[in-house]
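A short reminder: the numbers here are calculations on the coordinates, not readings from a lab. Just so we're clear, the structure is a prediction, and the values are computed from it rather than from any experiment. Glycine gets a Cβ as well: all are built from the backbone with ideal geometry, and neighbour counts include every protein chain shown.
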Amino acid sequence: MDRQIGLIVLISLVFLAGCEEPGASGDTPAEPYTSFFTPLPEAAVFPEGNDYSDAKRALGEFLFWDPILSGRMNVSCATCHHPDHAWADGRMFSIGVDGMGLGPGRSGSQETPFHSPSVLNVAYTGLPETQPDPGFVSGGYFWDLRVATLEDQALEPIRSEVEMRSSDFLEEEIMPEILLRLSLIPEYQDLFSSAFEGPDPISEENIAKALATYQRTLTTEPTRFDRFLAGDDTALTAAEITGLNKFINGGCTDCHSGPMLSDNLIDPTKPVQVDRPAVRTPTLRNVELTPPYMHDGSRATLGDAIALYEERDDLGVTLEDDDFGDIERFLRTLTDDAFSRDIPDYVPSQLPVGGDIL
Ligand code: HEC
Ligand code: HEC
C-alpha cells in the first residue's frame with residue numbers, strides 16, 4: 001500500500017474509532033468538573049443572631065442526646081440520628097415514642113410518615129454551586145422543605161406526637177413542660193447561662209439555637225472526590241472517573257450538583273418515584289452509608305436506588321442499566337469515614353444517653 005494512503009486509512013480508522021459511540025456517556029464531559037460540583041466548604045457558616053460558641057455547642061450536644069426533651073423521656077434526637085447509622089437510623093421509617101432499640105432492630109407500634117435523613121452536613125444543605133447570596137446560611141429542610149433554617153427545624157420533632165411528644169401532652173403543653181424540666185436541673189441552668197445572655201436563658205428559642213449550633217458542627221471531611229475536584233487526578237480510579245462522567249453526561253447533575261450533589265429543590269412536575277409525591281433532591285454525600293433510600297425508604301440498596309432511573313427520559317436521564325454499576329462506583333467515592341462518632345458519656349438528666357436505644 002502507498003505510504004500516504006496507508007496514513008490516511010490509519011487516521012480515518014482512529015477517527016472512526018473515536019466516533020464509534022457518539023456522545024458515549026463514559027466520555028469526559030464537555031465542561032470542567034468544577035462547573036458541576038464544588039468541594040465541601042472548609043467550615044460551616046453560623047448565622048447572624050446565632051454565632052458559634054463552645055458553650056452553645058456543648059449544650060446543644062447534651063440536648064441532642066438527652067431523652068428529657070421527649071414526652072415520656074425515652075426518645076432523643078439521637079434515637080433517629082445516630083452515628084452508628086451515619087447520623088440517620090437505617091430504617092425505612094423511624095420509630096419514636098414507645099420504641100425500643102436502635103436502627104433496623106428498633107421496635108414499636110408507630111412509625112413516622114417519612115424516612116429519616118442523616119444530619120451530617122446539614123450545615124451545607126442547599127448551598128449552590130456558586131457563591132450564595134450574602135446572608136444565605138443553609139436550608140430549607142425536611143423532604144417537603146417546610147422549614148427554612150435549622151433553628152426553625154429544631155423544635156418540630158419535640159412537638160411531633162409520633163416522634164417525641166407522645167399522646168401524654170398536647171402540642172401547646174409540651175414546650176412549657178420541657179422548659180420546666182430543664183429549669184429543675186442545676187447543670188442545665190449553668191449550661192444555658194454560659195451559652196446565652198439574658199435573665200431567662202432557658203427558653204424555646206435557646207434550645208433551638210443550641211441544637212442548631214451542635215448540628216452545624218457535624219460535618220464531614222473532604223473525600224477522595226473532593227481531592228479529585230481540587231486537582232488531584234490520582235484521587236479517583238479510572239473506573240470511578242468513568243462513573244463520574246456517566247453521572248454528568250447521563251443527566252444526574254440536572255438535580256444532583258453543587259457541593260452537596262443536590263440542588264435541594266422540589267420539582268413538582270417530575271416526581272422521581274412514579275405515583276409518589278415529588279420531594280426535594282437529597283444530598284448524595286455519604287450516600288453509601290445511609291440505606292435505605294428515598295423519602296419513603298422504599299429502595300433497600302444503593303443499586304436499587306440508582307435502578308429507579310432506568311428509562312427515565314422524562315427526568316432528563318439517558319442511561320442504560322449497564323451504566324449503573326459505574327455510577328454506583330462513583331457514588332461510593334463520596335463517603336467520608338472520618339465523621340464524628342462522639343457520644344457523650346452521660347446527659348445532665350441522668351436518663352439513658354440517647355433514650356431507650358439499647
Ligand atoms: C422518631 C425519629 C426522629 C427523632 C426523635 C428526631 N428526628 Fe429528625 N428527622 C426524622 C425524620 C423522619 C425526618 C424527616 C422528616 C420530614 O422530612 O418530614 C427528620 C428530619 C430532620 C432534619 C432535617 C434534615 C434535612 O436534611 O432536611 C433535621 C435537621 C433533624 N431531623 C434534626 C432532629 C433534631 C434536632 C431532633 C431532636 C430535637 C430530631 N431530629 C429528632 C426522624 C427523627
Ligand atoms: C429531576 C431531578 C433528579 C435527577 C435528574 C436525578 N435525581 Fe436522584 N433524586 C432526586 C430526588 C427528588 C430524589 C428523592 C426522590 C424520593 O425520595 O422519592 C432523588 C434520590 C436519589 C437517590 C437516593 C438518595 C437518598 O439518600 O435517598 C440517589 C442514589 C439518586 N437520586 C441518584 C441519582 C442518579 C444516579 C441520577 C442519574 C441517573 C439521578 N439521581 C438523577 C432528583 C433527581
For the stretch 164-178, take each phi angle, set θ = phi - 60°, evaluate the Karplus expression 6.51 cos²θ - 1.76 cosθ + 1.60, and give the result in whole Hz per residue in order, putting x for glycine and proline.
10, 5, 6, 6, 5, 10, 6, 4, 6, 8, 5, 5, x, 4, 5
Restricting to DSSP loop positions (anything but H, G, I, E, B) with no more than 13 other Cβ atoms inside 10 Å of their own Cβ, which GluC sites (Glu not before Pro) remain in the stretch 265-358?
310, 311, 320
Whole-Hz couplings from phi, Karplus 6.51/-1.76/1.60, listed for the stretch 249-266; x for Gly and Pro
6, x, x, 5, 6, 4, 10, 9, 9, x, x, 9, 6, 7, 7, 6, 10, 10
I need to check one value: relative contact order of the chain, counting alpha carbon pairs closer than 8 Å and at least 6 residues apart, in percent.
26 percent
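Any idea what the relative contact order of the stretch 106-163 is, in percent, if you count C-alpha pairs under 8 Å spaced at least 6 apart?
On the way: 36 pairs, mean separation 16.0, N = 58.
28 percent.
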Mean separation of Cα pairs under 8 Å and 6+ residues apart, divided by the residue count of the stretch 54-216: what relative contact order is that in percent?
29 percent
Hey, can you rank 175-186, 289-300 by average C-beta count inside 10 Å, highest first?
289-300, 175-186
Could you tell me which residue out of 198, 83, 34 lies farthest along the dipole of the chain toward its positive end? Charges go on the beta carbon: Lys and Arg +1, Asp and Glu -1, centred on the Cα centre.
83
Quick one: grab the alpha carbon gyration tensor of the stretch 54-216, order the square roots of its eigenvalues as a ≥ b ≥ c, and give me rounded if a/c is under 1.5, else prolate or oblate depending on whether a/b is larger than b/c.
oblate
Determine the distance separating the Cα centre of the stretch 120-154 from the Cα centre of the stretch 202-219; give it in Å without decimals.
15 Å
So what's the net charge close to residue 40: Lys and Arg +1, Asp and Glu -1, counting the other residues with Cβ under 10 Å from its Cβ?
-3
Long-range amide H partners of residue 255 with built H, under 5 Å
none
If one takes the longest principal axis of the Cα atoms in the chain, at what angle in degrees, from 0 to 90 and to the nearest 10, does the Cα axis of helix 204-216 lie?
30 degrees
Hz values of 3J(HN,Hα) by residue in the stretch 51-68 - Karplus curve (6.51, -1.76, 1.60), Gly and Pro given as x:
6, 6, 8, 4, 5, 5, 5, 4, 5, x, 5, 4, 4, 5, 9, 9, x, 4
Label-point separation (nm) for residue 173 and residue 194, each offset 7 Å from Cα along Cα-to-Cβ?
3.5 nm
The aspartates and glutamates whose Cα lies under 12 Å from the Cα of residue 56, excluding any fewer than 8 residues away in the same chain, are 190, 197
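Sort 209, 270, 56 so that the residue with the fewest other Cβ atoms within 10 Å of its own Cβ comes first and the one with the most comes last. Let's see the in-between values first.
Values: 209 23, 270 13, 56 26.
Fewest-to-most ranking of 209, 270, 56: 270, 209, 56.
So if R0 is 51 Å, what FRET efficiency would residue 183 and residue 322 give, r being the distance between their Cβ atoms, rounded to the nearest 0.05?
On the way: r = 62 Å, r/R0 = 1.21.
My answer for the efficiency is 0.25.
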Kindly list the residues of the stretch 231-251 that lie in the label zone of residue 35, defined by a backbone N under 17 Å from the point 7 Å along the Cα-to-C-beta vector.
245-251
Residue 208 neighbourhood, Cβ < 12 Å, K/R = +1, D/E = -1, net charge -2
FRET efficiency, residue 147 to residue 48 (Cβ-Cβ, R0 25 Å, nearest 0.05)
0.85
Lys/Arg Cβ at +1, Asp/Glu Cβ at -1, dipole of the chain taken about the Cα centre: which of 274, 93, 140 is farthest positive-ward?
93
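Let me have the 222 nm mean residue ellipticity of the chain computed from DSSP H runs of 4+ only, each contributing -39500 (n - 2.57), with the sum over all residues rounded to the nearest 500. Please list the in-between numbers first.
Values: 12 runs with 112 residues, N = 358.
Estimated from H runs of four or more residues: -9000 deg cm²/dmol.
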